[in-house]
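To start, the structure under review is shown below, and the notes come after it.
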Number of protein chains: 2
Amino acid sequence: MTNHMTTLPVTHQDLLEQPVVVTIATVSEDGQPYTAVVWRRWDGGIIRIVTDPKTRKYRNIKTNAKVSVTAVDPQNPYRYLVVNGIVETIVDDVQQTTAELDAQTKLYTGKEHYFGDIEPAENRAKATYVTLLIKPARYIKVGSMTSSI
Amino acid sequence: MTNHMTTLPVTHQDLLEQPVVVTIATVSEDGQPYTAVVWRRWDGGIIRIVTDPKTRKYRNIKTNAKVSVTAVDPQNPYRYLVVNGIVETIVDDVQQTTAELDAQTKLYTGKEHYFGDIEPAENRAKATYVTLLIKPARYIKVGSMTSSI
């Protein structure tokens with residue numbers, strides 16, 4: 001059973017809150033979809049994804065801001081949530097992206113700082129990273145089923 | 001570390017062979033990427049995905065045959081494979097799609113027939129389904145890492 005809706009279904013809200021890696025799909029200028037598996041954080045409205053401006057997905061969203069984010073239940077691959085939306089803002093503020101990266105690191109690994117053991121997070125983020133703010137437009141939830149055809 | 005290549009990396013071949021659900025990304029006419037989580041089978045060259053022609057992904061590939069298929073290691077979400085390619089053929093032969101669906105059912109569930117307990121697979125497939133034959137063009141492998149930014 002597939003359901004399309006404009007508000008996040010409560011039954012699948014955990015897939016935006018728990019430390020589940022998500023697949024982000026973007027589209028290049030020649031119409032080729034690209035996907036990557038990334039961390040994300042959700043604040044009840046906006047989905048935040050940190051990226052390096054050198055990545056393909058960053059170059060893609062500069063010409064086409066439409067994205068699709070997929071979160072699959074690690075315990076049940078037949079339960080998943082797709083969020084179609086738009087990159088509304090690209091935050092290139094160093095402090096904000098550093099804070100976001102630390103928050104995601106905390107969520108996914110329990111550590112306080114992104115790669116903090118290796119080098120100061122501030123230096124990493126300052127050098128390259130930005131935060132994509134994705135505004136959801138439509139949610140597609142798929143529940144438990146034998147196949148997802 | 002990300003690697004782009006035109007041949008399937010042996011280190012990630014298991015992600016096309018094992019019963020791992022994959023995310024397929026397609027693009028609609030207005031440039032919106034769409035994703036869905038599906039079964040697939042790989043024969044050493046072509047990736048086969050069975051779908052219902054009523055789905056969004058089917059409608060999308062009728063106007064843009066470019067797709068991206070992502071397989072994430074269920075044991076390690078930081079190891080994954082992306083296959084960018086093109087839907088080269090749409091098989092609408094009932095027998096072929098029934099056989100494909102049964103083969104995928106066997107792979108993913110161990111059962112002999114797709115939803116065989118409920119109704120004959122022949123009737124299901126005849127009614128609606130087709131098989132997408134995806135020819136890979138480029139592989140992107142991502143290995144074990146702390147984050148996949």
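The values are calculated or read from the model by the stated rules, or taken from the named source; none is laboratory data. Quick caveat, the model's predicted, so the values are computed rather than measured. Cβ atoms come from the backbone with ideal geometry, glycine included; neighbour counts cover every protein chain shown.
Observations, loosely collected:
- Test for B:N84: is it surrounded by 19 or more Cβ atoms within 10 Å (Cβ to Cβ) and in contact (Cβ under 8 Å) with a residue 12 or more places away in the chain: yes
- Count of region B:101-130 residues which are surrounded by 20 or more Cβ atoms within 10 Å (Cβ to Cβ), at pLDDT 90 or above and away from chain A (no Cβ under 11 Å): 0
- The number of residues in region A:51-82 being among the β-branched types (V, I, T) and either at the interface with another protein chain (Cβ under 7 Å from one of its Cβ atoms) or more than 21 Å from B:I140 (Cα to Cα) (or both) comes to 6.
- Of all residues in region B:1-50, those satisfying the criterion of being over 15 Å from B:A103 (Cα atoms), assigned to a strand (DSSP E or B) and either modelled with pLDDT under 95 or more than 12 Å from every other protein chain (Cβ to nearest Cβ) (or both) are B:T2, B:N3, B:H4, B:M5.
- Failed criterion for A:I90 (all others in (1) at pLDDT 95 or above; (2) crowded, with 18+ Cβ neighbours inside 10 Å; (3) more than 10 Å from chain B (Cβ to nearest Cβ) hold): (2)
- When A:N76 is tested against (1) under 17 Å from A:E17 (Cα atoms); (2) of a type outside the set (S, T, Y); (3) surrounded by 17 or more Cβ atoms within 10 Å (Cβ to Cβ), exactly one condition is not met: (3).
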